[in-house]
Each structure stands twice: as C-alpha cells, then as structure tokens.
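These notes concern the structure reproduced below.
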Amino acid sequence: MTTTSDPQRDPRGEVDWEECEDAYVDGDRIFEPGTARAAFSHRTFRTVYLGAFASNIGTWMQNVVLGALAYNLTHSGVFVGIIIAAQLGPLLLFSVVGGMIADAFDRKRSLLIICVQQAVFSVLLALVTIPADPNKVAMVVVVLIIGIGNALYAPIFSAVVPILVPREDLSGAISLNSVQMNASRVIGPFIGAAIYTTWGPSWVFVLNALSFGFVILSLQRVTLPPPVATGSQGLHRLLEGIDVARADRVVRQCLIVIFSFSFLCLPFITQMPTIADTNLSIASKSTQYGILYGCFGLGAVIGALSIGTVFASSSKARLTRFGLVGFAVMILTFGTLHSATSAYVAILLLGCVYFAVITSLSTVLQQDIDDGVRGKVMALWIMGFGGTVPFGGLAGGWVIEQLGITPLVGISAVFALFLAWWADLLPSRPSGVLGLEPASAA
C-alpha cells in the first residue's frame, strides 16, 4: 500500500487546504505509509518540525552551559545537582498539568504563551549571570521557572505532533521528532560551548531566547485542530491519563517500561563523566569527552531515524523487545571497556539501540490513543522519560561509590533483559482507537 499527500478532511468534514497545497506540489511523489519521508511530506508537520528543531538547538545550548556554569562558579557537585533538579524536577510535578492543558485548551495558543514565557526568562537568566559572581539563589529560581515552563510545554507539543499527520504516518512522525530531539542535543552543546568559552554564558541564554522565535513563527503559519472534549471535569481531568493506563494493558506496560527503564537502565547518562574518567581516562573537560558524547548523540539520531526508514514496516512492539536485548549487550560492553577507541564505537551503538527502543516504545504507546486524552497520556510518558532520569542518576552515583561501575552497568543490563522478556506490547484487543470508553461495535 502506498500513500500520497492527498487532500484530507478533518473530523468535521472540512477540507484541509494545507494538504491540498501539498497534493499540488508533491502530487507526483509516492511514499510508503509510516516512513519518515511520508510524514515529512505533510506541510503542517514539516513547518512545526523545523521550527521546533531550531528552537531545541537553543535549548540544548542553554542546558549544557548551565551545568558547566554551575560547576565553574562553585566547584560543587551539590550545586550542579540543584541546578539539574531545577531544570528537570518539574517534569515529575507539572507534566500532568501540561497534559490537562493540551487536552482542554487551544494547543496553539498554549504553546505560543509558553514559548514567550521561556524566552522572557531566558533573557532574565542572561541578566542574572552577567556578574562574575551571580546570585546563586536568583539563578536557581529562574532556572526552576524555566523548568516549570518546559514541563508544561513538553506534553502539549507531544500531543500536537501525532495529529499533524494521518494515523498511518504516525510512526514516521515520531521517528523524525526523536531525530530532531537528538540532533539538537548534539548540535546545541557544540555551539553553546564555543559561545560560552568566547563570550560568556549570558550570550548563550540570549541566543536561546531568540531561538524560540523559530517555533513561534512556525506555529503562526499553521492551523491546529482543536482538542477533543472528553466531558471530564476538575481533578478527574488531571487523572484521565491514569484511567487510560489502567484500562489498557499495552498503554500500561509502555508506561511501566519507560519509568523503570529510565530509572534503572539510564543512570549511565548522568554518570557518563565518571565512567569516562574512571574507565577510559577521559576528562570531562576535554575534546575526547566531547567526541564521546557526540558519538552517543549521533548513535541516538541513527537509532531514531532507523525506526522511520529501515524498520518503518516492522512491528514496533517486537523492535522494542529486540532493542532492549541490544541495549543490555551494549551497556555492559561500554561500561566494562577500558580503551577509548573501542568506547567511541560502543557508545555510538549504545545510543543507537537506546533511542531505537525509545522511538519504538513511543510509537506503540501513541498509535491507538484517542486525541481527546493524548496530552494526558503523553504527560505520563514525559514524567517517566525525563523526570526519573536525574533521580536514577543519583541512585547510580551511590552504586558507583559503594560497588563500582561494573555492578551499575550489570544491574542496567539485567533489568533491560527482564523488560525484554516481560513487556509483551502486542495488543490483545481488536485494533482501534483507545479512549476512555471501549469502542462500540460497528
């Protein structure tokens, strides 16, 4: 079966004129459904995607410089931990609120408001960090407010991406979204580190503020469908995502996997400087470490892109399980190597299987979710994917101090194998769209 960028109708029966334009421009092109090329052929998705990509580069410029600045100001691991907690901690507390906003209010307006808020506080962060010895409390407060804004933004944007393409092209859209997340993670730190070294941190934060202009401009150029009303009110509106997870085994397993995988299998990300220094004799402030982290990010890009290209027609449920086995092998390999040259190859492959798992798992989760609850379910995903990583990193640091690096990666490998055995993500119900109520028979 093939698909083209034919004009489509929205649920109200109205013609999507943006898709009509795509059909006119790309009418002679045929793409396999579910591939990255098929997703990218849709104008609305393409516009929002490119704006988000440019903006995320600025975000990662800021993220990497914040950690370096916190350490250079205090030489205190505790203060670095506080800054990281201020950045990522809100994901555990406020993502559910962001999911509620995604499913209850105009998503385009919500994203625009939060983008402006993020830009304003990035400028404020630049002002706070102008002095050679900035006020640490003010710095933490501003970073915390930026973190809260990001926790609200992430589930709204995650709920928007799948509705920008037809359902048959969803896996390609999710694959491309993972690619831009990881490509910006590679590009942003490289640019941010160069600017930080040459002109100081404030210029990095100003440029990040300006980068939000890309996503604001892209959102202004598109029309997003309104959220689907579910009829829920009050506290229950916040808990609809949990209701969906309780009602559906596949959704529940996907969320359990991402929470436990992030906490027990990903401490190596936070502890990568320790692993590099102890096992590979690579200092965290060195070109070698930059190459090591760059190889990891490049592998993640390849892994995410493969799901929307090479493996576009493969079962994402099976790919998740195979990827978890591959992850177990590669985390154990990387964590026990003592050769920097071999480690570059190992961490590239580790990044590849890591984000192949994340992209496949995200596709399984989203493929049958009703748009009326998508934001709240994705809020739970973001809590697991982003909110638990720093706490897993803290636990991983304790394991390294008490037992060493090899036991840490051994625990991660064993648990990844357990998840590969346990997580039967193939649906046991008839194919359909999952909401709060079971689909009625035709």
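The values are calculated or read from the model by the stated rules, or taken from the named source; none is laboratory data. No experiment lies behind these values; they were computed from the predicted model shown. Positions of Cβ are backbone-derived with ideal geometry, glycine not excepted, and every protein chain shown enters the neighbour counts.
Brief remarks on what is shown
Yes/no matrix, rows are residues, columns are (1) assigned to a helix (DSSP H, G or I); (2) modelled with pLDDT of 80 or more; (3) closer than 20 Å to Pro189 by Cβ; (4) of a type outside the set (D, E, K, R):
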site	(1), (2), (3), (4)
Asn72	yes, no, yes, yes
Val78	yes, no, no, yes
Val96	yes, yes, no, yes
Asp103	yes, no, no, no
Lys108	yes, yes, no, no
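- Counting only helices (runs of 4 or more DSSP H) wholly contained in the stretch 249-314, the ones carrying 1 or more residues that are modelled with pLDDT of 85 or more, among the hydroxyl-bearing types (Ser, Thr, Tyr) and under 27 Å from Trp398 (Cα atoms) occupy 249-264, 272-280.
- For the stretch 125-139, the set of residues classified as part of a helix (DSSP H, G or I) and surrounded by fewer than 17 Cβ atoms within 10 Å (Cβ to Cβ) consists of Leu127, Lys136, Val137, Ala138, listed by residue number.
- Selection status of Ile195, without any contact (Cβ under 8 Å) to a residue 40 or more places away in the chain, of a type in the set (A, V, I, L, M) and either in a helix (DSSP H, G or I) or within 20 Å of Ala209 (Cβ to Cβ) (or both): no
- Scanning the stretch 384-410 for residues that are under 22 Å from Arg246 (Cβ atoms) and touching a Pro at 6+ places or on another chain (Cβ under 9 Å) yields one hit, Gly387.
- Among the candidates Ser41, Ser55, residue that is without any contact (Cβ under 8 Å) to a residue 40 or more places away in the chain and either touching a Lys or Arg at 6+ places or on another chain (Cβ under 7 Å) or buried (at least 19 other Cβ atoms within 10 Å of the Cβ) (or both): Ser41
- Residue match in the stretch 226-243 (condition: in a helix (DSSP H, G or I), modelled with pLDDT of 85 or more, on the phi < 0 side of the Ramachandran plot and basic (Lys, Arg)): no
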